[in-house]
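The structure under discussion appears below in the form of structure tokens.
Laboratory data are not the source of any read-out in this text; all were calculated from the coordinates shown. Treat the numbers as computed from the prediction; the structure is a model and nothing was measured. All Cβ positions, glycine included, derive from the backbone under ideal geometry; neighbour counts span all protein chains shown.
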Amino acid sequence: MTASPQTSTPQTDVPQTDTPQTGTCPYAAAPAEDGIGAPAQGLERLDFDPLLAASVRHPTPMRMRLPYGEGPAWLAGKYADVVKVTADERFRRGTRVDVARMAPSLIAEDTWLTRTDPPDHTRLRSAVAAVFGAKAMEKRRAGAERTAKDLLAKMLERERPADLVAEVLKPLSDGLVHDVVGIPASHRTRVIGWTRRFLSGAHDHDCTMTAKNAVIDNIAALVELRRNDLGDDVISHLIRAEDDGLVTRGELLGVAVQFHQFSAMRFSAAQVAYLLLTEEGLLGRLRAEPHMVPAAVEELLRVMPIIGAAGGGPRVTSCAVEVGGSVIPPRSTVYSSYVAANRDPAVYEDPDRVDIDRRAKRHLTFGYGPHHCPAAPLGRLALQALVGALAEQPHALSVVSEQVRWASGGAFRGPVKLPVTWRSG
């Protein structure tokens, strides 16, 4: 017996409902001020964005002037402020305001996870929650660890130097994402190409929209192909949810497209590998104490600046809200930087230092609140498999620094080419 079809909650320009936190919106709008510049583009290596560093030191959220969208934006960088912005329902994702932003195109559609709020957001997440549950991830752990070790072993049979991204990180991360999403090998190359184009941020509006529509069309064709061949992957769970009337076709496609963002995992793996191989003594420590691999992964996730801009995704205030001593007016675009919050000295002592023995609060790399990344367990699984394999192998890998090539102009940061060499024994 199927459930009655559920429709999305209508979206208004900015929802004006009261909230459990306050019951009203008592604050008067703050006077307009000139904003500071936008986040830096083309930063070298894994440098901490000067704007994000300033946002941690600044006593209140800062205002930014971004090149596209309506008005200035606010940037929350302190850990406590980021937690408030991401958890308080007065900061909404589901809005038709032309949000201030870095890119000319607003890629996400109203039915996508990043553009919805509870209860719709909760409903969409619940459709795929089992895919990323603890039992499901543990079933994949042995396979991920075996794949990481096998890829590394094959690389070590090649001539030196070898590109760790091409030989290990890309096939490991892409393979895991495709398997979990449910994309067969015959569709992967085509979907990867279009996805890379519309997520790169380096193309004009028409090119970006063409690429996005191509990805959606490919996913739609794949849904019909998979309808009679269901498994335990994202697409299969979404098909079942559509059949039960829990999600619409547009929601199904939007959720599937977002979970296919393989670039995030690939760049996470590249940054973690780079930090692991260049942080003095860390690899040796993990080789001697393999039980510390999970803690090392969490600390490396904390310090890596994977997002190439403010991060956190735009939210819009439904009313005037006080954050960290500043009153943010209604209809304001607000960004919360997880990268900055992860370097907050009020939370992390000596925050720029890699310390796998930390006992501080959990990092915010995967977000916080209702929009906490649902695929975080998969990211942790992949990185633990990678770090474990690198720590376990007997060869002393070292990065050929002068040959490393870094990403530029896109949504994510990190090495796109990571040459390594090694010695036997």
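Let me see the pair-distance distribution of the range 208-351: every alpha carbon pair, 10 Å bin width, integer percents in order.
Taking all Cα pairs of the range 208-351, the binned fractions are 9, 23, 24, 27, 16, 1 percent.
Please sort by residue number the GluC sites (Glu not before Pro) in the range 258-358 whose DSSP state is loop and whose Cβ has at most 11 other Cβ atoms within 10 Å. Don't jump to the answer; show the numbers that get you there.
Working: sites: GLU279, GLU280, GLU298, GLU299, GLU322, GLU349; in loops: GLU279, GLU280, GLU349.
Passing sites in the range 258-358 are GLU280, GLU349.
Please work out, to two decimal places, the log10 of the ratio I(q)/I(0) at q = 0.17, 0.18, 0.23, 0.24 Å⁻¹ from a Debye calculation in which every Cα of the range 307-407 carries one identical scatterer.
Each listed q maps to, in turn, -1.10, -1.18, -1.38, -1.37.
How much length, in nm to one decimal, is gained on full extension between ALA166 and HIS291, taken as 0.36 nm per residue of separation minus their Cα-Cα distance?
Length gained, ALA166 through HIS291: 42.2 nm.
Quote the FRET efficiency, to the nearest 0.05, computed for ASP150 versus TYR68 with a Förster distance R0 of 41 Å and r equal to the Cβ-Cβ distance. Mind showing how you got there, number by number?
Numbers: r = 45 Å, r/R0 = 1.09.
Approximately 0.40, to the nearest 0.05.
So for the range 104-245, what are the equivalent ellipsoid semi-axes in whole Å, largest first, each being the square root of 5 times an eigenvalue of the Cα gyration tensor?
Here the semi-axes work out to 29, 23, 14 Å.
Would you mind checking which residues have amide H under 5 Å from ARG63's amide H? H placed 1.01 Å from N; only 5 or more apart, or other chain.
Residues meeting the criterion, in which the H sits 1.01 Å from N, are ILE36, LEU75.
Give me the net charge of ARG123's neighbourhood, meaning all other residues with Cβ under 12 Å from the Cβ of ARG123; Lys, Arg count +1, Asp, Glu -1.
Net of charged neighbours comes to -3.
Go through the range 60-104 and name the chymotrypsin sites (Phe, Trp or Tyr not before Pro) that are in a DSSP coil and have 12 or fewer other Cβ atoms within 10 Å of their Cβ.
none
I'd like the distance between the alpha-carbon centres of the range 368-425 and the range 122-181, rounded to an integer number of Å.
The two parts, judged by their Cα centres, are 12 Å apart.
Can you sort THR95, THR278, THR111, THR317 by how many other beta carbons sit within 10 Å, fewest first? Before the final figure, lay out each step's value.
Details: THR95 23, THR278 16, THR111 20, THR317 27.
Listed from fewest to most nearby Cβ atoms, that is THR278, THR111, THR95, THR317.
Given H placed 1.01 Å from N in the peptide plane, which residues other than close sequence neighbours of ILE328 have an amide H under 5 Å from its amide H?
Counting only residues 5 or more places away or on other chains, the set is VAL321, GLU322, VAL323.
Would you mind working out the magnitude of the charge dipole of the range 346-395 relative to its Cα centre, with +1 at each Lys and Arg C-beta and -1 at each Asp and Glu C-beta, to the nearest 20 Debye?
240
Suppose we keep just the alpha-carbon trace of the range 275-356; what are its Rg and Dmax in angstrom?
Rg then Dmax for the range 275-356, in Å: 17.4, 54.
Mean shadow of the range 53-141, computed from the convex hull of its alpha carbons, in nm²?
Projected over every direction and averaged, the Cα hull of the range 53-141 covers 8.2 nm².
Which Rg and Dmax, in Å, describe the Cα atoms of the range 211-285?
18.0, 54
If you keep only loop residues by DSSP, which trypsin sites (Lys or Arg not before Pro) in the range 127-180 have at most 16 other Cβ atoms within 10 Å of their Cβ?
ARG158
Taking a 26 Å limit on the Cα-Cα distance, which of the listed pairs LYS170/LYS212; LYS361/LYS417; LYS139/LYS361 fall beyond it? List each step's numbers first, then the result.
Numbers: LYS170/LYS212 22 Å; LYS361/LYS417 33 Å; LYS139/LYS361 28 Å.
Too far apart for the 26 Å limit: LYS361/LYS417; LYS139/LYS361.
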